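Student: Mind looking over this structure? Questions follow.
The values are calculated or read from the model by the stated rules, or taken from the named source; none is laboratory data. Note that this is a predicted model, so its numbers are computed, not measured. Using ideal geometry, Cβ is built from the backbone for each residue, glycine included, and neighbour counts are taken over all protein chains shown.
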């Protein structure tokens with residue numbers, strides 16, 4: 001009988017400025033139009049909920065959420081490309097939802113590219129529903145791409 005290899009546990013912790021070099025490497029490999037270090041620094045500076053998910057000291061993913069007036073806005077959720085399709089994104093999303101609840105948010109909103117099928121499947125499977133769209137929200141190879149607005153009750 002073969003032994004089942006168990007992955008080391010994932011650990012969630014608040015993002016720190018020292019993490020930004022590794023986060024930027026993941027961000028650049030994950031998106032054609034990545035966030036800049038300035039955007040991450042601003043999110044940390046203003047006190048958004050910025051968290052990383054790591055395994056044995058390696059950042060596997062990260063999330064950024066703003067929370068105010070009973071609402072949460074998921075601004076960024078990203079998993080290292082080689083670690084995708086392992087359930088890390090779902091665990092990270094559920095962690096961000098839990099944080100929003102702890103800060104008394106009643107709703108969570110997010111934008112997603114209509115072409116990002118994997119993200120849409122994750123969000124819909126965790127209770128997000130489409131509310132509408134934002135025209136020309138994302139940069140694209142040819143102009144701009146609309147965003148779908150999704151939300152869920154917390």
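Student: Output the number of residues of the stretch 72-85 satisfying the condition of being over 12 Å from residue 151 (Cβ atoms) and crowded, with 16+ Cβ neighbours inside 10 Å.
Tutor: Number satisfying all stated conditions: 7.
Student: Just to check your reading of the model, which residue among 67, 59 is in contact with a helix residue (DSSP H, G or I) (Cβ under 9 Å, 6 or more places away or on another chain), farther than 18 Å from residue 97 by Cα and in a strand (DSSP E or B)?
Tutor: Answer to the selection: 59.
Student: Looking at the stretch 77-100, which of its residues are out of contact with any helix residue (DSSP H, G or I) (no Cβ under 8 Å at 6 or more places or on another chain) and not in a loop (DSSP other than H, G, I, E, B)?
Tutor: Within the stretch 77-100, 82, 83, 88, 91, 92, 94, 95, 96, 97, 98, 99, 100 meet the criteria.
Student: Just the residues that are surrounded by fewer than 18 Cβ atoms within 10 Å (Cβ to Cβ), in a helix (DSSP H, G or I) and either at positive phi or in contact with a strand residue (DSSP E or B) (Cβ under 6 Å, 6 or more places away or on another chain) (or both), please, taken from the stretch 101-119.
Tutor: Once the filter is applied, which keeps residues that are surrounded by fewer than 18 Cβ atoms within 10 Å (Cβ to Cβ), in a helix (DSSP H, G or I) and either at positive phi or in contact with a strand residue (DSSP E or B) (Cβ under 6 Å, 6 or more places away or on another chain) (or both), the stretch 101-119 yields nothing.
Student: From the list 51, 35, pick out the single residue that is in a loop (DSSP other than H, G, I, E, B), closer than 22 Å to residue 128 by Cβ and modelled with pLDDT of 95 or more.
Tutor: Just a single option satisfies the conditions, and that option is 35.
Student: Just to check your reading of the model, which residue among 3, 9 is farther than 24 Å from residue 99 by Cα and either surrounded by 15 or more Cβ atoms within 10 Å (Cβ to Cβ) or at pLDDT below 95 (or both)?
Tutor: Every option except 3 fails the conditions.
Student: Right, something else. Residues 26, 59, 39: which one is buried (at least 20 other Cβ atoms within 10 Å of the Cβ), within 25 Å of residue 140 (Cα to Cα), free of Cβ contacts under 8 Å to residues at least 60 places away in the same chain and under 15 Å from the mean Cα position of the chain (by Cα)?
Tutor: Just a single option satisfies the conditions, and that option is 26.
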